[in-house]
Amino acid sequence: MIGVREAEGALKEVYLKMGANMSSRPSVYRTPNGDAPNIVKSHSLKPEGLRLAFGLSTAIHWSDKSLLWSKREMINTVTSQANDCFY
């Protein structure tokens, strides 16, 4: 996995673009060290895939028509519990 500080080229551009949107996200999405969360870094070897996956996620989860974050997290929690999933 490649972090923000080590990123170059297309990956660095994707990280910069994603970072520009972070101020509108709940603080739980920001890491203490300022690096990208591991779920994001797990896509770091394929910058175009990272851009597409999280671009779609942004459109679905953070538009003016999206569920409130707290409601979405509750649905995620219940779904994870029902599926015996820790994440």
Scanning the range 53-82 residue by residue, those part of a helix (DSSP H, G or I), basic (Lys, Arg) and over 16 Å from the mean Cα position of the chain (by Cα) turn out to be Lys71
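The rows are residues; the columns are (1) in a helix (DSSP H, G or I); (2) exposed (fewer than 13 other Cβ atoms within 10 Å of the Cβ).
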position	(1), (2)
Ala7	no, no
Met18	yes, no
Ser23	yes, yes
Asp84	no, yes
Considering the range 53-68, residues that are in contact (Cβ under 8 Å) with a residue 12 or more places away in the chain and of a type in the set (A, V, I, L, M, F, W, C), and then whichever is surrounded by the most Cβ atoms within 10 Å (Cβ to Cβ), we arrive at Phe54
When every residue in the range 27-44 that is touching a residue at least 12 places away in the same chain (Cβ under 8 Å) and touching a Ser or Thr at 6+ places or on another chain (Cβ under 9 Å) is compared, the one nearest to Met1 (Cα to Cα) is Asn38
Result of the Cβ filter at 8 Å on the range 69-87, keeping first residues that are free of Cβ contacts under 8 Å to residues at least 60 places away in the same chain and within 19 Å of Ile39 (Cβ to Cβ) and partners that are small (Gly, Ala, Ser) and surrounded by 10 or more Cβ atoms within 10 Å (Cβ to Cβ), at least 6 apart or interchain, is Arg72/Ser66; Phe86/Ser80; Tyr87/Ser80
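Condition check ((1) at pLDDT below 90; (2) in a helix (DSSP H, G or I); (3) within 22 Å of Arg72 (Cβ to Cβ)) across all residues:
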| residue | (1), (2), (3) |
| --- | --- |
| Tyr15 | no, yes, no |
| Val40 | no, yes, yes |
| Ser44 | no, no, no |
| Leu50 | no, yes, yes |
Assess whether Asp35 counts as being surrounded by fewer than 11 Cβ atoms within 10 Å (Cβ to Cβ), outside any helix (DSSP H, G or I) and modelled with pLDDT of 90 or more.
no
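The values are calculated or read from the model by the stated rules, or taken from the named source; none is laboratory data. Fair warning: this is a prediction, and the values are worked out from it, not measured in the lab. With ideal geometry, Cβ positions are generated from the backbone for all residues, glycine too; neighbour counts draw on all protein chains shown.
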